[in-house]
Amino acid sequence: MKAPFFIIGCVRSGTTMLRNVLRLHPNLTAPEETHFYRWTDPYGTDGSQHLLSKNATLVRHRAIDGITEDEFARMLATALTRRQLYQRYMALFLERSKPGATRWFDKTPQNVYGAAMLAADFPSARFVHIVRNPLDVVLSLRAGAVMKVSSLVGASNYWLESVTNIHSLKKAWPGRVLEFRYDEFNADPQSHAERVLRFVGEPLVPGFMDSFVARPRSYDHQEALQPAELATVRRICGKWASAYGYEI
């Protein structure tokens, strides 16, 4: 089986949309989200085991993936490393979800916090980063349709810390990260999906994403944020926003 690839980055940046497009490819399958490399507690410690087994979001994700709590408990009790847990989880998920698939990938934006370890544990894996205007990310997080972050500073740092970690990943492993912007993807989903497939070494299958419909969401930043709030986001995110072509 080919090495997996990983979609990482900032929440509310189009990662779910990208995963859902790539899931349409006959060779590929992906779970809801794993979060196996998100937290810093060393694997096997009480803190790590508690987070992985009891976190309500992860319990819900396993139910979506068709993995029972008993099955996951056995994996957690016998796997010696994060990598081994990942491999066992994904082997069972692939068998259950899409037996004809030849490769798994994962979309967990917050795994960006463990990106260096993830790259070392899966040395042939590649990474896909879709980045969105930080002002849109902040407003989406504050709206809370999927996840709620009321703090302006907290929402801004979700974006800042993500792109900072991606920058370090690119410097450490040149050539293993493909990046593009949320607005660019929505303007031409077909060509960007094909870019991803070429990057990870999957064949282009005609018509595989015919059922996909882009539904981009944008915000009126001046109307939604007060001048002082805009200034705060600029102070936190401005340097990296400019690097990605967003003049905020």
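The values are calculated or read from the model by the stated rules, or taken from the named source; none is laboratory data. Source: prediction; values computed, not measured. Note that each Cβ is placed from the backbone with ideal geometry, even for glycine, and that neighbours are counted across all protein chains shown.
Polar (S, T, N, Q) and within 27 Å of residue 136 (Cβ to Cβ) - does that describe any residue in the range 23-40? The answer is yes, given that some residue of the range 23-40 is polar (S, T, N, Q) and within 27 Å of residue 136 (Cβ to Cβ).
Note on the range 167-200: among residues that are among the aliphatic types (A, V, I, L, M) and under 27 Å from residue 140 (Cα atoms), the one that is modelled with the lowest pLDDT is 187. Taken across the range 7-17, residues that are β-branched (Val, Ile, Thr), surrounded by 13 or more Cβ atoms within 10 Å (Cβ to Cβ) and in a helix (DSSP H, G or I) do occur, with at least one present.
When the range 145-175 is filtered for residues that are within 18 Å of residue 126 (Cβ to Cβ), part of a loop (DSSP other than H, G, I, E, B) and either of a type in the set (Ser, Thr, Tyr) or out of contact with any helix residue (DSSP H, G or I) (no Cβ under 7 Å at 6 or more places or on another chain) (or both), the ones remaining, listed by number, are 174, 175. Filtered by the rule that a residue be surrounded by 22 or more Cβ atoms within 10 Å (Cβ to Cβ) and either among the hydrophobic types (A, V, I, L, M, F, W, C) or over 23 Å from residue 14 (Cβ atoms) (or both), the range 94-107 gives 104, 105.
The requirement of being at pLDDT 95 or above and either among the polar types (S, T, N, Q) or touching a Ser or Thr at 6+ places or on another chain (Cβ under 6 Å) (or both) is not satisfied by residue 64.
Here the range 76-93 is the region considered, the condition is being over 20 Å from residue 117 (Cα atoms) and out of contact with any Gly (no Cβ under 9 Å at 6 or more places or on another chain), and the residue that is surrounded by the most Cβ atoms within 10 Å (Cβ to Cβ) is 91. Quick check: is even one residue across the range 78-99 of a type in the set (Val, Ile, Thr) and either under 23 Å from residue 201 (Cα atoms) or under 18 Å from the mean Cα position of the chain (by Cα) (or both)? No: the range 78-99 contains no residue that is of a type in the set (Val, Ile, Thr) and either under 23 Å from residue 201 (Cα atoms) or under 18 Å from the mean Cα position of the chain (by Cα) (or both). With respect to the stated conditions, residue 112 fails to be under 18 Å from the mean Cα position of the chain (by Cα), modelled with pLDDT under 95 and either closer than 19 Å to residue 19 by Cβ or hydrophobic (A, V, I, L, M, F, W, C) (or both). What helices (runs of 4 or more DSSP H) completely inside the range 19-113 contain at least 3 residues that are of a type in the set (Asp, Glu)? Correct list: 69-78. Of all the criteria given as (1) buried (at least 17 other Cβ atoms within 10 Å of the Cβ); (2) without any contact (Cβ under 8 Å) to a residue 60 or more places away in the chain; (3) under 18 Å from residue 36 (Cα atoms), the one not satisfied by residue 73 is (1). For the range 188-195, the criterion of being out of contact with any helix residue (DSSP H, G or I) (no Cβ under 9 Å at 6 or more places or on another chain), not hydroxyl-bearing (Ser, Thr, Tyr) and not in a helix (DSSP H, G or I) is satisfied by at least one residue.
Within the range 33-61, if we keep just the residues that are of a type in the set (Phe, Trp, Tyr) and either at pLDDT 95 or above or in contact with a Lys or Arg (Cβ under 6 Å, 6 or more places away or on another chain) (or both), the residue that is farthest from residue 8 (Cα to Cα) turns out to be 43. Filtered by the rule that a residue be among the basic types (Lys, Arg), exposed (fewer than 12 other Cβ atoms within 10 Å of the Cβ) and in a helix (DSSP H, G or I), the range 199-248 gives a lone residue, 235.
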